[in-house]
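Trainee: This structure is in structure tokens; I'll ask about it shortly.
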Amino acid sequence: MASSPAGHGSASHPKRDPDLLIPDDILTDTHFDNLWDWFASALETNMDRQFIFAKLVNSVRKPYLNQSHLHLTGTSYTPSECTVTDDTSGESQPHEDENSAGLNSQIEGLKLQFRGVAADLAKKGKDIRLLKTKFDAVSPVSAPRVAIMSADMPGNFVRMAGSQVYSHKPNGSGNVSVQPHILGDEIFQLEYYPDGVIAFKATSYQNVYLHASCNPLDLAPGDTKAGGGGVVNCQYISEGPGHCSVEEKFRIYPLRGPCGVAIEPVAFPGRYLSLDAEKKTVSLQGVRGKQESLYLIFVTF
């Protein structure tokens, strides 16, 4: 392959980078952006157009396999030399004008191909940005919001009052009760953890979560206790979403028939949230009976 002369080109074209004239080098994106101008300036400076065309192909395809000629993946191209007979010597000589026309035609085809690839990449980039936007939207801020309603006495919901919950307490704080309406304190945001575990985050108070604690000796699985057992209240998680302790995590079990679900504290397997709508209390029980049958109502307002 011919080497490039040392011409400098016209002032209207970018200054050539000598590193581009190394046949083994692969053009960078910045170099490729200017390559069309360099090809035009080659006509003015007698630069080897065939060499520049090789660099152009090399920049948008894999390195050609045989550097003695150009090789496009899936399509082979060797710059052909149109020949004419020299009347004085009788020898065949390259016809410069026809050879240039062939190269120019190939360049135009490659330009068109490059524009198609660029358009395809732009579309893929747009698709990727759209997917990223959708992925970012699936965050704790946009997770489902729910209300916990009694299946035994529909229209009664768990209320979490956390207006005075500003710090973490070993046994939790605040108050959890039952109210016959859905306002701000009755709406929770689901927060997901591995293995199907969830947490119930207050929507009215920052970093406040539903919390359950229980003395295993006072309430064993299968036990029922008058007025319920354990403590269901609030807990403050200063680190925010994703940092709940085991006492703020729950599992949800579907119940047979149209009876909703049972909500089990991860820290106390075999105990379940229990709603007493008449006494307006929330506690734990060791069975899944009527008061432990709940509905999760998805809230969209």
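The values are calculated or read from the model by the stated rules, or taken from the named source; none is laboratory data. Just so it is clear, the structure is predicted and the values come from calculations on it, not from any experiment. Here the Cβ is made from the backbone with ideal geometry for all residues, glycine too, and neighbour counts use every protein chain on show. To get the accessible areas, we keep the full protein, side chains included, count just its heavy atoms, and leave off ligands, DNA and RNA. Shrake-Rupley method; radii C 1.70, N 1.55, O 1.52, S 1.80 Å.
Trainee: List the GluC sites (Glu not before Pro) within region 187-262 that fall in a DSSP loop (any state other than H, G, I, E or B) and whose Cβ has at most 10 other Cβ atoms within 10 Å. Write out the running numbers ahead of the final one.
Mentor: Details: sites: 191, 239, 247, 248; in loops: 239.
Counting only loop positions with at most 10 other Cβ atoms within 10 Å, the GluC sites (Glu not before Pro) in region 187-262 are 239.
Trainee: Please list, ordered by chain and number, the residues whose modelled amide H lies under 5 Å from the amide H of residue 169; skip anything fewer than 5 residues away on the same chain.
Mentor: 236
Trainee: Go through region 201-301 and name the trypsin sites (Lys or Arg not before Pro) that are in a DSSP coil and have 11 or fewer other Cβ atoms within 10 Å of their Cβ. Numbers along the way, then the final one.
Mentor: On the way: sites: 201, 225, 249, 251, 256, 271, 279, 280, 288, 290; in loops: 225, 249, 256, 271, 279, 280, 288.
Here the trypsin sites (Lys or Arg not before Pro) that fit, given the DSSP loop and packing criteria, are 256.
Trainee: So for region 202-259, considering every pair of alpha-carbon atoms, how many percent are separated by more than 15 Å?
Mentor: 62
Trainee: Using the heavy atoms of the protein chains alone and a 1.4 angstrom probe, what is the accessible area of region 168-301 per residue in square angstrom?
Mentor: 48
Trainee: One quarter of the convex hull surface, Cα atoms only: what value does that give for region 226-283 in nm²?
Mentor: 5.2
Trainee: With Cβ to Cβ distances under 12 Å as the rule, what net charge do the other residues near residue 268 carry (K, R +1; D, E -1)?
Mentor: Charge balance in the 12 Å sphere: -1.
Trainee: Project the alpha carbons of region 141-216 onto their principal axes and report the range along each, largest first, in whole Å.
Mentor: Here the Cα extents, ordered largest to smallest, are 32, 30, 27 Å.
Trainee: Working out 0.36 nm times the residue gap between residue 101 and residue 171, then minus their Cα-Cα distance, what length gain in nm do you get to one decimal?
Mentor: Roughly 16.7 nm would be gained on extension.
Trainee: Dividing the Cα radius of gyration by the Kirkwood radius, what Rg/Rh value follows for region 182-294?
Mentor: Numbers: Rg = 13.7 Å, Rh = 14.4 Å.
That ratio equals 0.95.
Trainee: Further, regarding this structure: Which order, highest average first, do 158-167, 106-115 follow once you tally other Cβ atoms within 10 Å for each residue and take the mean per peptide?
Mentor: By packing density, highest mean first, the sequence is 158-167, 106-115.
Trainee: Tally up the carbon and sulfur contribution to the accessible surface of region 161-243 as a whole percent, 1.4 Å probe, everything protein left in place.
Mentor: The C+S portion of the solvent-accessible surface of region 161-243 is 51 percent.
Trainee: Next up: What distance in nm lies between label points placed 7 Å from Cα along the C-beta direction at residue 181 and residue 220?
Mentor: Distance between the two pseudo-spin positions: 4.4 nm.
Trainee: Under a 1.4 angstrom probe, counting protein chains only, how are 152, 195 ranked by accessible area, largest first?
Mentor: Greatest to least solvent exposure: 195, 152.
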